[in-house]
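Okay, structure first, notes after.
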Amino acid sequence: MIIGLGAAGALVTGGQARFFRQPPLRSGMRTSVDKNAFFEETMPALFAQMIAQRKKVLVKIRTGLASNTIDYPLQQGFTDLGDYQYAGSILDLLRQLLRMLA
């Protein structure tokens, strides 16, 4: 809404233009640029971390599948599949970030 008011101020002339100021428009643009920078720089790194975590669990699953059913029972396979699903989630990523910050 602030950006809309700033844009409307550019169209209004005379005494009414005092209501519309340009600083909100500039601050809105700065916020938009900051968000774009976050998504362009941070999101690929976060997705790469999620993929790496899934690959770690996938190696565990593939290793288990190569062994016999005594060493890698069906229940362990189901548990590893649950770990695989959780490893690529946003919740797991947030848990990892909080652990790194602590």
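Evaluating residue 35 against the criteria (1) exposed (fewer than 14 other Cβ atoms within 10 Å of the Cβ); (2) at pLDDT below 60; (3) not polar (S, T, N, Q) leaves one unmet condition, (2). State yes or no: is residue 67 without any contact (Cβ under 8 Å) to a residue 60 or more places away in the chain and farther than 18 Å from residue 43 by Cβ? In short, yes. Taking residues in the range 87-102 that are exposed (fewer than 12 other Cβ atoms within 10 Å of the Cβ), and partners anywhere that are not in a loop (DSSP other than H, G, I, E, B), the pairs with Cβ atoms closer than 9 Å and at least 6 places apart or on different chains are 90/46; 90/50. Note on the range 54-86: residues that are loosely packed, with under 11 Cβ neighbours inside 10 Å, among the aliphatic types (A, V, I, L, M) and in a helix (DSSP H, G or I) amount to 4.
The values are calculated or read from the model by the stated rules, or taken from the named source; none is laboratory data. Owing to the predicted nature of the structure, the values given are computational and were not obtained by experimental measurement. For neighbour counting, all protein chains shown are included, and Cβ atoms are generated from backbone atoms with ideal geometry for every residue, glycine included.
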